1. Being surrounded by 13 or more Cβ atoms within 10 Å (Cβ to Cβ), touching a strand residue (DSSP E or B) at 6+ places or on another chain (Cβ under 8 Å) and modelled with pLDDT under 85 is the filter here; which residues of the stretch 194-209 pass it?
2. Need the failing condition index for residue 601 against (1) modelled with pLDDT under 85; (2) surrounded by fewer than 16 Cβ atoms within 10 Å (Cβ to Cβ); (3) out of contact with any helix residue (DSSP H, G or I) (no Cβ under 7 Å at 6 or more places or on another chain), just the number.
3. Given the structure, is residue 387 at pLDDT 80 or above and assigned by TED's automatic domain parsing to the domain that holds residue 300?
4. Check whether at least one residue in the stretch 328-336 is within 23 Å of residue 96 (Cβ to Cβ), in contact with a strand residue (DSSP E or B) (Cβ under 6 Å, 6 or more places away or on another chain), assigned by TED's automatic domain parsing to the domain that holds residue 281 and crowded, with 19+ Cβ neighbours inside 10 Å, and report yes or no.
5. Only residues that are within 33 Å of the chain's Cα centre (by Cα), surrounded by fewer than 20 Cβ atoms within 10 Å (Cβ to Cβ) and modelled with pLDDT under 90: list them for the stretch 462-481, please.
6. I'd like the residue in the stretch 288-327 that is part of a strand (DSSP E or B) and crowded, with 18+ Cβ neighbours inside 10 Å and, out of all such residues, is modelled with the lowest pLDDT.
7. Which numbered condition trips up residue 275, out of (1) modelled with pLDDT of 75 or more; (2) surrounded by fewer than 15 Cβ atoms within 10 Å (Cβ to Cβ); (3) under 30 Å from the mean Cα position of the chain (by Cα); (4) not in a loop (DSSP other than H, G, I, E, B)?
8. From the list 536, 512, pick out the single residue that is at negative phi and not assigned by TED's automatic domain parsing to the domain that holds residue 408.
């Protein structure tokens, strides 16, 4: 906690209600954050009030603020221009800072007759031929990968002709993505022809490539080279198929940037799809710390680095100050720029695809998948949660006519079972069957452990969501526990139908049906089955142990250790009951007295 917080807040409250730029300094005098405001007093004072409502990034920044200064401007737009200029000049630590390190990319054609096609970021003096430079590394990488597949060129590490017939062809040959020159059966003429066709495709685009290939196919047919004509025909079909895929991506989009973000666990991934001439020509990803006004900050930082501003920009959500940002982009471009948040149609689909890719990029970095993040996002939306339910605890009660009351707790983290965090509970507070009281006892004990814990792990970690196997009765019983213990965790019950299948989610209000949400239905059903399996498994184990205790351990002188040794030696209780005295005495851990006690237990005093 910043010891100067009250002093800084007092100073902030004395600021004017005018637009301007504020500059935060640390104790060394270095600038750590620059921001703009429509009303300086209102904006800056928010930083030094309650820290509970701030993102983690903002809290860290405030902890390091030693003093601040400000510059008043005539309008919020002028403040935006000044903010961009100052950030570019000082590169403060806590502002979003993007690096324009894309550089240039090249298409490389290896030296020699059997050279391979690849993409590289730098030219080298190695005898290879380089085509470029290209600004978009994404475009070059995608185009080279497509060319190698279509024209069946090798991408392995083998060198030709040195490695002819030194091994079997790889999988690419069997799935018709490589002609396999490693077999030694490919003619050099055919290989060079495929390489030239691939380069035509890369230099001239798909339409020119199709025209040239068609001419070659017709010429081969006239020369009665039907096998060659058939190979070229297949290449034409592959080029057309790739072109059809590109049309599906952007049929009506001309020059446009599509930008979307996905946030999780203090990080935000912004994805940018760049279209030119109706074709996706570049794609970029940026992962930054989540914080306030991230979308607005990202747009300002991203387009500060760019000289080529598109006519149209599509976003997944409208940032603060959208009007000023649009005006700034228009002035930077020199002609009108339109910034939209599409709600339907092809534009909305592109934004959704962009957001999905942002989620996938962030998920890969954090060890999850976009499918798992997607179902958690759907769960957050349907339950009205403030944050993504990354850490979920689910509880179930199991008993048989009120005997051997137990409970099971399973944990899901990032949409996956976290088995190391599973826990079992034996109900101790009462005898008989009462699922409501059982659930209340279990959650009471769980949060008593939470309050005693010193580290935020295990029971010391507060879950993002708690689910109970049961309806409103269980939820109400646990809600009373939460109220008494001052626990604030979202709480819902999983309701089953008459066939014991998950039907709905219930809270303090009505039920939320799951029939129309197949992915969420499958996720919650799997979780409910898992907690039921875990709880009933513990219940069966308790019953077996007590049954075991009520038979052999009821014999005088036979404790659990001897009982287990007897069962291991004789296999079954029936075998023990039919054993004679000498056999019992010979068993491990048995004495003459204990063997006699067992014999008399099953045979009386005979």
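1. Residues satisfying the conditions are 198, 199, 202.
2. Residue 601 satisfies all of (1) modelled with pLDDT under 85; (2) surrounded by fewer than 16 Cβ atoms within 10 Å (Cβ to Cβ); (3) out of contact with any helix residue (DSSP H, G or I) (no Cβ under 7 Å at 6 or more places or on another chain) except (2).
3. No.
4. No, the stretch 328-336 contains no residue that is within 23 Å of residue 96 (Cβ to Cβ), in contact with a strand residue (DSSP E or B) (Cβ under 6 Å, 6 or more places away or on another chain), assigned by TED's automatic domain parsing to the domain that holds residue 281 and crowded, with 19+ Cβ neighbours inside 10 Å.
5. If the condition is that a residue be within 33 Å of the chain's Cα centre (by Cα), surrounded by fewer than 20 Cβ atoms within 10 Å (Cβ to Cβ) and modelled with pLDDT under 90, then 471, 472 are the ones that fit.
6. Of everything passing the filter in the stretch 288-327, 288 is modelled with the lowest pLDDT.
7. Status for residue 275: all satisfied but (2).
8. Matching residue, one of 536, 512: 536.
The values are calculated or read from the model by the stated rules, or taken from the named source; none is laboratory data. Predicted model only: the values in this text are computed from it and were never measured. Methodologically, a virtual Cβ is constructed for each residue, glycine included, from the backbone with ideal geometry; neighbour enumeration extends over all protein chains shown.
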